Amino acid sequence: MTATAGGSAPGRPWWRSAVLYQIYLRSFADSNADGVGDLEGVIDRLDHLEWLGIDGIWLSPITLSPNADWGYDVADYRGVQPDLGTLETFDRLVAGADQRGIRVLLDIVPNHTSEQHPWFVDSRSSLTAPKRDWYVWSDPKADGSAPNNWVSSFGGPAWTLDGTTGQFYLHNHLSEQPDLNWWNEEVRNEFDAILRFWFDRGVAGFRIDVCNIIVKDARLRDNPPATPDDDFEAQLFGQRPVYNGNRPEVHDVLRRWRLLAESYDTPRALIGETPVKVEELATYYGDGSDELHLAFNFPFLTAPFDATTMRSVVEDTEAHLPPGAWPAWTGSNHDMSRFSSRWAEGDPAKARAALLMLLCLRGTPVLYQGDEIGLEDFPVSQADLRDPLGVRYWPAYAGRDAMRTPMPWRDGPGGGFTTADTRPWLPLGPTGRCNVEHQRSDPWSMLTLARDLIVLRRQTPELQTGRYVTVTAPEGVWAWRRGERVLVVLNMSEGESTLTGTRGHIHIATNRERDGESFDKALTLRAWEAAIAEIR
């Protein structure tokens, strides 16, 4: 099979038929032997992404940052972090990707900046500073305590008292990440200009960091206490984030950005980080055509890997999305354990089934670097921790470094990630057989399976745009149809199972020996086996 990137049909938004790929830049490929992945390293690996069949890459933040939260604390939205590259390097990356039919998307962080951003330096300088109202400031309560009960996602109060002016500033994350005030029209205008700056350089879209919380309650009301029916995070923090997240006014911002994104001859894509329930997720698409193009489905990402639960999440999503809306599916990212560890629990058969599932649902799949080779989390010792969450909460919580360790390109010292004599910024896990070079030459490997699935997806219209329809299946089996001719079956059980009442032939199975196999009236799959079939 031959993969050709950028294969969307004329008139169809490119992102609807795309396979996207998240690159955690610091851990992807190090071009200059300093132990840190960089933009030049991505340029060096574009041939791999083209060969795999990737249509678009989403880069973790490249903007200037003091790295309190590794790029998610921005000190300049138009500048490139020096250890990652330059604007000139970025332009060459966009050009090289474009030559291969690959779009480049960036991470944008609109909720907060770094405390070192010139805006905040000005804002905290006095009560009458020009940019004072660009951030969320409030007087203490009469007893000197914080303005309300909001808590930070990193633990502790979401407010820090600033000694210069005697007011508290809001930070939904680290104290080094002060929240912007999105009620201020100057902030909104500035971000319009920032988006245009990158769009004009050829950026194909943005993944919007925590886009659901950028607007806060104007009255700064206390959040209500958590109830037994609330999710884990609400239970953990003891409150429901009613007033510091998911405010109705956030949709005004997204509609404004959608108009801006679609003002270009080739519309840009907006992808939201939306850690909300499915019914709330649907609202971030607006009427299906006026807010986000894609929104990450966290109930799916965090669901246990069993047939009943995952089928229910997908059916619920399909039922709630407005007409014209398009789902996005992912199993791993830089904040969440890799699916080969979390869903598959280190079982290669389960990992292969999960990969097939992601690439065959209706919607846009987003692979995280290493998913294509079945890369697992690599536990990082306390001495090697870089994630501020891990540093703060060790050993109760080891943070997110385990899913951010470097990409293994080949076996041996440095794993093809770096030629540095010293250890890279995060330790490299075992390379062994879990590396690109080894798996590329193995017709039975996870990497070959990933590539062949992407090729089949590109060659099969039903897998790109066909509707999703659940097919009745035995317990522990999840089966669905895409369009009228394509059947996808996952046996998510520990024993053999048979789906009856159908005939056809297998296109691709996770057990590659079964590719091309015909079946008549029944399709039997072994434990944790999955297949895509053409039915008749």
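The values are calculated or read from the model by the stated rules, or taken from the named source; none is laboratory data. Remember, predicted model here, so these are calculated numbers, not experimental data. As a convention, Cβ positions derive from the backbone with ideal geometry for all residues, glycine included, and neighbour counts pool all protein chains shown.
Say we look at the range 69-100 and pick out the residues that are polar (S, T, N, Q) and in a helix (DSSP H, G or I); which of these is nearest to Gly399 (Cα to Cα)?
Keep residues of the range 69-100 that are polar (S, T, N, Q), which gives 81, 86, 89, 99.
Still in the list and also in a helix (DSSP H, G or I): 89, 99.
Numbers: Thr89: 31, Gln99: 38 Å.
Applying the filter and picking the extreme gives Thr89.
Within the range 153-168, how many residues turn out to be within 29 Å of the chain's Cα centre (by Cα) and more than 16 Å from Asp217 (Cβ to Cβ)?
Total satisfying the criteria: 5.
Among the residues of the range 454-465, what is the count of those that are in contact with a helix residue (DSSP H, G or I) (Cβ under 6 Å, 6 or more places away or on another chain) and among the hydrophobic types (A, V, I, L, M, F, W, C)?
Matching residues across the range 454-465 total 1.
Across the range 374-409, which residue is farthest from Val313 (Cα to Cα) among those that are β-branched (Val, Ile, Thr) and buried (at least 20 other Cβ atoms within 10 Å of the Cβ)?
Ranking the candidates gives Val380 first.
Can we say Phe300 is at pLDDT 95 or above and either within 22 Å of Arg240 (Cα to Cα) or assigned to a strand (DSSP E or B) (or both)?
On the way: at pLDDT 95 or above: yes; either within 22 Å of Arg240 (Cα to Cα) or assigned to a strand (DSSP E or B) (or both): yes.
Yes: the conditions hold for Phe300.
Has the range 61-78 got any residue that is farther than 30 Å from Arg247 by Cβ and touching a residue at least 24 places away in the same chain (Cβ under 8 Å)? Write out each step before concluding.
Of the residues in the range 61-78, the ones farther than 30 Å from Arg247 by Cβ are none.
No, the range 61-78 has no match at all.
Taking the range 104-129, which residues are touching a helix residue (DSSP H, G or I) at 6+ places or on another chain (Cβ under 7 Å) and of a type outside the set (S, T, N, Q)?
Once the filter is applied, which keeps residues that are touching a helix residue (DSSP H, G or I) at 6+ places or on another chain (Cβ under 7 Å) and of a type outside the set (S, T, N, Q), the range 104-129 yields Val104, Leu106, Pro110, Trp119, Ala129.
Considering the range 105-130 alone, what residues qualify as being in contact (Cβ under 8 Å) with a residue 24 or more places away in the chain and assigned to a loop (DSSP other than H, G, I, E, B)?
Correct list: Val109, Pro110, Asn111, Thr113, Ser114, Glu115, Gln116, His117, Arg124, Ser125, Ser126, Leu127.
Any residue at all in the range 72-89 that is under 20 Å from Gly101 (Cβ atoms), at pLDDT 95 or above and of a type outside the set (Lys, Arg)?
no
Give me a count of the residues in the range 322-359 that are part of a loop (DSSP other than H, G, I, E, B) and either touching a Leu at 6+ places or on another chain (Cβ under 7 Å) or surrounded by fewer than 19 Cβ atoms within 10 Å (Cβ to Cβ) (or both).
Number satisfying all stated conditions: 15.
Mind checking which residues of the range 342-359 are of a type in the set (Gly, Ala, Ser) and free of Cβ contacts under 8 Å to residues at least 60 places away in the same chain?
Of the range 342-359, the ones of a type in the set (Gly, Ala, Ser) are 344, 346, 349, 351, 353-354.
Scanning the range 342-359 gives Ala344, Gly346, Ala354.
Could you check the range 223-246 and list, in sequence order, the residues that are outside any helix (DSSP H, G or I) and more than 15 Å from Ala158 (Cβ to Cβ)?
Let us first name the residues in the range 223-246 that are outside any helix (DSSP H, G or I), namely 223-231, 238-246.
Across the range 223-246, the qualifying residues are Pro224, Pro225, Ala226, Thr227, Pro228, Asp229, Asp230, Asp231, Asn246.
Name every residue in the range 95-114 that is within 25 Å of Leu254 (Cα to Cα) and either basic (Lys, Arg) or touching a Lys or Arg at 6+ places or on another chain (Cβ under 8 Å) (or both), in order of residue number.
Arg103, Leu105, Leu106, Asp107, Ile108 - these are the residues of the range 95-114 that are within 25 Å of Leu254 (Cα to Cα) and either basic (Lys, Arg) or touching a Lys or Arg at 6+ places or on another chain (Cβ under 8 Å) (or both).
Taking only pairs six or more apart or across chains, which ones have beta-carbon atoms under 6 Å, a first residue in the range 304-316 that is over 16 Å from Val488 (Cα atoms), and a second residue that is not aromatic (Phe, Trp, Tyr)?
As it stands, the answer is Thr309/Ala303; Val313/Pro299; Val313/Ala303; Asp316/Val278, since those pairs meet every condition given.
Only one of Ala142, Ala226 is farther than 21 Å from Leu254 by Cβ and at pLDDT below 95; which?
The conditions single out Ala226.
As an exercise: evaluate Ala295 against (1) in contact with a Gly (Cβ under 6 Å, 6 or more places away or on another chain); (2) at positive phi and give the number of the one condition it does not meet.
Result: Ala295 passes all but (2).
Any idea which of Leu195, Leu220 is in a loop (DSSP other than H, G, I, E, B) and either closer than 24 Å to Asp107 by Cβ or modelled with pLDDT of 95 or more (or both)?
Unique residue meeting the criteria: Leu220.
Scan the range 110-129 and tell me whether some residue there is basic (Lys, Arg) and either assigned by TED's automatic domain parsing to the domain that holds Leu49 or surrounded by fewer than 18 Cβ atoms within 10 Å (Cβ to Cβ) (or both). Working first, answer last.
Taking the range 110-129 and keeping what is basic (Lys, Arg), we get 124.
Within this subset, residues satisfying the condition of being either assigned by TED's automatic domain parsing to the domain that holds Leu49 or surrounded by fewer than 18 Cβ atoms within 10 Å (Cβ to Cβ) (or both) are none.
No, every residue in the range 110-129 fails to be basic (Lys, Arg) and either assigned by TED's automatic domain parsing to the domain that holds Leu49 or surrounded by fewer than 18 Cβ atoms within 10 Å (Cβ to Cβ) (or both).
Return the total of residues in the range 59-76 being under 17 Å from Phe120 (Cβ atoms), touching a helix residue (DSSP H, G or I) at 6+ places or on another chain (Cβ under 7 Å) and crowded, with 21+ Cβ neighbours inside 10 Å.
Residues meeting the conditions: 1.
Considering only the range 466-523, state which residues are among the β-branched types (Val, Ile, Thr), touching a residue at least 12 places away in the same chain (Cβ under 8 Å) and either assigned to a strand (DSSP E or B) or surrounded by fewer than 21 Cβ atoms within 10 Å (Cβ to Cβ) (or both).
If the condition is that a residue be among the β-branched types (Val, Ile, Thr), touching a residue at least 12 places away in the same chain (Cβ under 8 Å) and either assigned to a strand (DSSP E or B) or surrounded by fewer than 21 Cβ atoms within 10 Å (Cβ to Cβ) (or both), then Val469, Thr470, Val471, Val477, Val486, Val488, Val489, Thr498, Thr500, Thr502, Ile506, Ile508 are the ones that fit.
Which of the residues spanning the range 360-373 are part of a loop (DSSP other than H, G, I, E, B), more than 23 Å from Val313 (Cβ to Cβ) and touching a residue at least 40 places away in the same chain (Cβ under 8 Å)? Outline the logic, then answer.
Within the range 360-373, the subset part of a loop (DSSP other than H, G, I, E, B) is 360-363, 369-370.
If we keep only those that are more than 23 Å from Val313 (Cβ to Cβ) as well, we get 369-370.
Answer for the range 360-373, where residues must be part of a loop (DSSP other than H, G, I, E, B), more than 23 Å from Val313 (Cβ to Cβ) and touching a residue at least 40 places away in the same chain (Cβ under 8 Å): just Gln369.
Suppose we filter the range 374-404 for residues that are β-branched (Val, Ile, Thr) and either in a loop (DSSP other than H, G, I, E, B) or in contact (Cβ under 8 Å) with a residue 24 or more places away in the chain (or both); how many remain?
So the answer is 1.
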